[in-house]
1. Could you count how many residues in the range 23-38 are touching a strand residue (DSSP E or B) at 6+ places or on another chain (Cβ under 9 Å) and of a type outside the set (Phe, Trp, Tyr)?
2. Tell me which of these Leu5 doesn't satisfy, since it passes every other one: (1) in contact (Cβ under 8 Å) with a residue 40 or more places away in the chain; (2) outside any helix (DSSP H, G or I); (3) closer than 26 Å to Thr138 by Cα.
3. Across the range 33-61, what is the number of residues that are buried (at least 16 other Cβ atoms within 10 Å of the Cβ), within 14 Å of the chain's Cα centre (by Cα) and not aromatic (Phe, Trp, Tyr)?
4. Quick one: would you say Glu105 is more than 24 Å from the chain's Cα centre (by Cα) and more than 27 Å from Asn155 (Cα to Cα)?
5. With (1) within 30 Å of the chain's Cα centre (by Cα); (2) at pLDDT below 95 as the list, and Leu229 as the residue in question, which single condition is left unmet?
6. Sort out which residues of the range 65-80 are of a type outside the set (Ser, Thr, Tyr), in contact with a strand residue (DSSP E or B) (Cβ under 6 Å, 6 or more places away or on another chain) and loosely packed, with under 15 Cβ neighbours inside 10 Å, and write them in order of number.
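The values are calculated or read from the model by the stated rules, or taken from the named source; none is laboratory data. This is a predicted model, so every value here is computed, not measured. Positions of Cβ are backbone-derived with ideal geometry, glycine not excepted, and every protein chain shown enters the neighbour counts.
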Amino acid sequence: MGTVLNEHDRVIDAPAEVVGALFDRLSAEDDPVFPTPAWDAMIFDRPLGVGATGGHGPVRYRVVGYEPGSRVRFAFTPPDNGFHEMSVEPAGEGRCRVRHVLETELRGANRLMWPAVVRPLHDTMVEEIFDNMERAATGDCARPVRWSPRVRLYNRLMWPRPETVGVPEAARLLRTAVDRPGYEDAYRMELLPGQPRDPEAWTGILRDAFPVIAREGDELLLEVEARGLTARASILVDGRHVTLSSTVRADTLRGKVYWGVVRRFHPFMARTMLRRTHRKLALATPTAGERELERRRSAVSGPSHLVSG
């Protein structure tokens, strides 16, 4: 067994109390620090404080030490062990030093997973946390972290997959678009912080190949042209999820034969297009630090295009 000690630090040109107030909002709905939506959000079963239990993605931990404005320590929950901690301290007039320390004892498969997978992801996420602190505290980030090809690959492979659901009741345009459909399906994904809530932004799901023929509230109806078929698709953004739904009726013998073949591949293609667009929009979303700056500007002058998408 081997012990890992992983440390990151950065000097930020802002007072310690300003930066400390930012990571006091870790896991809050308006968290200005954690790098969502590119990565899973930090979520706890209660507000940040000793005893709060949760984590981000598959990494689970609980808060075991918390000094508001200066330090927070998380202990990994079994089968993992050890801790990770963030702290901030003054580093001269108008400056501070932020640190992140992780210590754990590697066991079993983790001895291989740490250098190959976990460490590059962990190092990137910590530096993105520092980037967001720097942006939110100073208005800029001098040298933002860049993803390596390996990190990009892992992010793509780990991206959430759509959930199969019934056609939503709120998809009223789709429900009335095709009489006596022979086929219906729907796939949805959770909306992440900063992703657009306007269904127009999600038309890339179908690569703009199908024209929008109607809109009602948060639903778009698209015409799917195929000889011998009457088919429609719907994009619905309901505040919590984006849902891609389809309905098809074969009208001719040729259409039935064609749909008999395409139907085998349709679910895979629909899920793939939804997942690809979901990730693309997440990675194009302003960072948590940029969203914090925009919130402050909006509080003074009203909203702008940055968060609205």
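1. From the range 23-38, those touching a strand residue (DSSP E or B) at 6+ places or on another chain (Cβ under 9 Å) are 23-24, 26-27, 31, 33-34, 36; that's our starting set.
Applying the additional criterion that residues be of a type outside the set (Phe, Trp, Tyr) yields 24, 26-27, 31, 33, 36.
Of the residues in that region, 6 qualify.
2. (3)
3. Final tally of qualifying residues: 9.
4. Working: more than 24 Å from the chain's Cα centre (by Cα): yes; more than 27 Å from Asn155 (Cα to Cα): no.
The answer is no for Glu105.
5. Only one criterion is unmet by Leu229, namely (1).
6. Going residue by residue through the range 65-80, those that are of a type outside the set (Ser, Thr, Tyr) are 65, 67-69, 71-76, 78-80.
If we keep only those that are in contact with a strand residue (DSSP E or B) (Cβ under 6 Å, 6 or more places away or on another chain) too, we end up with 65, 71-76.
Gly65, the sole residue that qualifies.
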